[in-house]
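The values are calculated or read from the model by the stated rules, or taken from the named source; none is laboratory data. Quantities reported herein were computed from a predicted structural model and do not represent experimental measurements. Every residue, glycine among them, receives a Cβ derived from its backbone with ideal geometry; neighbour counts consider all protein chains shown. Surface accessibility is based on the protein's heavy atoms, side chains included, excluding ligands, DNA and RNA. Shrake-Rupley method; radii C 1.70, N 1.55, O 1.52, S 1.80 Å.
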Amino acid sequence: SMFRSFLEAEWGIATPAEAKIRELETGRPAEEIVLMRGREGLYKILPDFYDEAKKDAIIITSPNGIIRMHKYLDKHIEGAAARGVRMRVITTINRDNMEVAKKLAGEIRHVDKVHAVAGCRDDQMLILIDLKNDSLTRNSPDDVALVTKNSDTIKMVRQMLESMWEHAIPLS
């Protein structure tokens with residue numbers, strides 16, 4: 001049993017083979033931090049954020065962000081939910097996005113004001129967004145996103161998102 005405990009602890013901190021293989025193939029470390037400008041680039045990686053989710057995704061987004069999620073990412077979000085991925089979204093629910101909030105797959109909670117936009121997937125990927133323009137389009141060249149797989153950063157932000165989730169108001 002001691003050896004089993006040791007192996008389980010090692011398994012918990014081991015790097016997934018897919019991440020190491022990707023690192024070897026691309027030459028980029030698995031825990032790299034990428035800074036990208038413009039919302040269009042972000043929407044190129046967001047489908048993978050949902051498609052590669054295995055356990056859960058927790059997102060905090062702006063009032064128009066939930067509309068953009070539904071408009072541009074709905075099939076990926078629904079696909080993740082259908083695979084059993086726990087999908088959670090924190091946002092400001094208002095008259096403009098209320099119907100979309102009811103339709104989006106997963107659990108939705110309300111906060112009065114969103115001060116940051118972020119998403120965490122499976123403790124494996126974190127996206128932080130400096131939203132300059134909360135338009136409904138995929139084109140906002142002034143937005144800046146930080147994407148990382150750095151486990152320490154992910155854990156820190158996840159704790160904040162989990163705390164916000166606990167204090168947010170459920171949709172129903």
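The set of residues in region 93-104 that are part of a loop (DSSP other than H, G, I, E, B), in contact (Cβ under 8 Å) with a residue 12 or more places away in the chain and surrounded by fewer than 19 Cβ atoms within 10 Å (Cβ to Cβ) comprises ASN94, ASP96. Residues in region 117-132 that are open to solvent by 30 Å² or more (accessible area, probe 1.4 Å), farther than 18 Å from ILE93 by Cβ and assigned to a loop (DSSP other than H, G, I, E, B): 3 in all. As a summary of the residue check, VAL114 satisfies the conditions (1) modelled with pLDDT under 90; (2) in a loop (DSSP other than H, G, I, E, B); (3) open to solvent by less than 70 Å² (accessible area, probe 1.4 Å) except for the one numbered (1). Residues that are open to solvent by 60 Å² or more (accessible area, probe 1.4 Å) and under 30 Å from ALA17 (Cβ atoms) within region 133-155 comprise LYS149, ASP152, LYS155, listed in sequence order.
In this structure, ALA80 qualifies as hydrophobic (A, V, I, L, M, F, W, C), open to solvent by less than 10 Å² (accessible area, probe 1.4 Å) and either more than 22 Å from ASP143 (Cβ to Cβ) or at pLDDT below 95 (or both).
Under the condition of being out of contact with any Leu (no Cβ under 8 Å at 6 or more places or on another chain) and in a helix (DSSP H, G or I), the residues counted in region 139-157 number 4.
Matching residues to (1) part of a strand (DSSP E or B); (2) under 13 Å from the mean Cα position of the chain (by Cα); (3) farther than 19 Å from VAL144 by Cα:
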site: SER5; (1), (2), (3): no, no, yes
site: GLU10; (1), (2), (3): no, no, yes
site: GLU23; (1), (2), (3): no, no, yes
site: LEU35; (1), (2), (3): yes, no, no
site: TYR43; (1), (2), (3): no, yes, no
site: TYR50; (1), (2), (3): no, yes, yes
site: ASN64; (1), (2), (3): no, no, no
site: ILE77; (1), (2), (3): no, yes, yes
site: ALA80; (1), (2), (3): no, yes, yes
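Scanning region 150-172 for residues that are among the aliphatic types (A, V, I, L, M) and within 19 Å of ILE66 (Cα to Cα) yields LEU161, MET164, ALA168, ILE169, LEU171.
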